[in-house]
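Some notes on the structure that comes next.
Any read-out appearing in this document is the output of simple, stated calculations on the displayed coordinates, not a laboratory observation. Treat the numbers as computed from the prediction; the structure is a model and nothing was measured. So basically every Cβ, Gly included, is an ideal-geometry build from the backbone, and we count neighbours across all protein chains shown.
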Amino acid sequence: MKTQKRLSIALLTGTGLGILCIIGVGVRLGFAGNELFLLATWYNRLLMGLVIGLAGAWQLSKSKANPLLRGLVLGLMVSLALFLSTELKDPVGFLAGIVYGIIIDFVASKYA
């Protein structure tokens with residue numbers, strides 16, 4: 001049951017942060033003509049929530065910092081996939097994805 005709750009929280013957090021990303025990318029790069037990129041950015045954050053939600057048992061450190069480290073690593077990995085596939089189109093969005101990974105794992109670990 002805890003795994004299901006963690007997954008739900010991580011997915012909801014990823015979805016919400018994805019909406020913030022759409023706004024941020026739209027402001028930086030423009031909304032018109034970037035609709036597919038905006039959708040891909042949102043989907044990337046949703047996918048990040050899924051990956052982080054399922055990774056609750058993955059331990060990188062025996063300290064309380066484990067969720068932060070795990071979120072950083074998974075946020076980097078998932079964001080890097082989008083960043084590379086778009087030919088490095090949005091470095092700010094890539095860095096935000098790393099931070100969002102930390103946020104998603106922190107929230108999911110705290111409230112699950």
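On full extension, the segment bounded by LEU88 and LEU20 gains 22.5 nm, given 0.36 nm per residue less the C-alpha separation. Relative protection proxy for 56-62, 68-74, 90-96, from highest mean packing down: 68-74, 90-96, 56-62 (other beta-carbon atoms within 10 angstrom). Pick out, from LEU84, GLY16, THR41, the residue whose Cα sits farthest towards the positive end of the charge dipole of region 2-111, with +1 on the Cβ of Lys and Arg and -1 on the Cβ of Asp and Glu. Highest projection toward the positive end goes to GLY16. Among the listed pairs LYS5/LYS62; LYS2/LYS62; LYS64/LYS89, a Cα-Cα separation exceeding 28 Å is found for LYS64/LYS89.
With charges only on Cβ, +1 for K and R and -1 for D and E, what is the dipole size of the chain about its Cα centre, in debye, rounded to 20? Rounded to the nearest 20 debye, it is 560 debye. The calculated FRET efficiency for LYS62 paired with GLN4, based on their beta-carbon distance and R0 = 25 Å, is about 0.50. Seen from all directions on average, the chain presents a Cα convex hull projection of 6.3 nm².
Net charge in the neighbourhood of GLY14 (other residues with Cβ under 13 Å of its Cβ; Lys, Arg +1, Asp, Glu -1) is +1.
Label zone of ARG28 (point 7 Å out along Cα→Cβ, amide N under 13 Å): in region 87-102 this covers 88-100.
Name the shape class, rounded, prolate or oblate, that the alpha-carbon gyration tensor gives for region 1-57, where a ≥ b ≥ c are the square roots of its eigenvalues, rounded holds for a/c under 1.5, and otherwise prolate holds if a/b is larger than b/c and oblate otherwise. Here region 1-57 falls in the prolate category.
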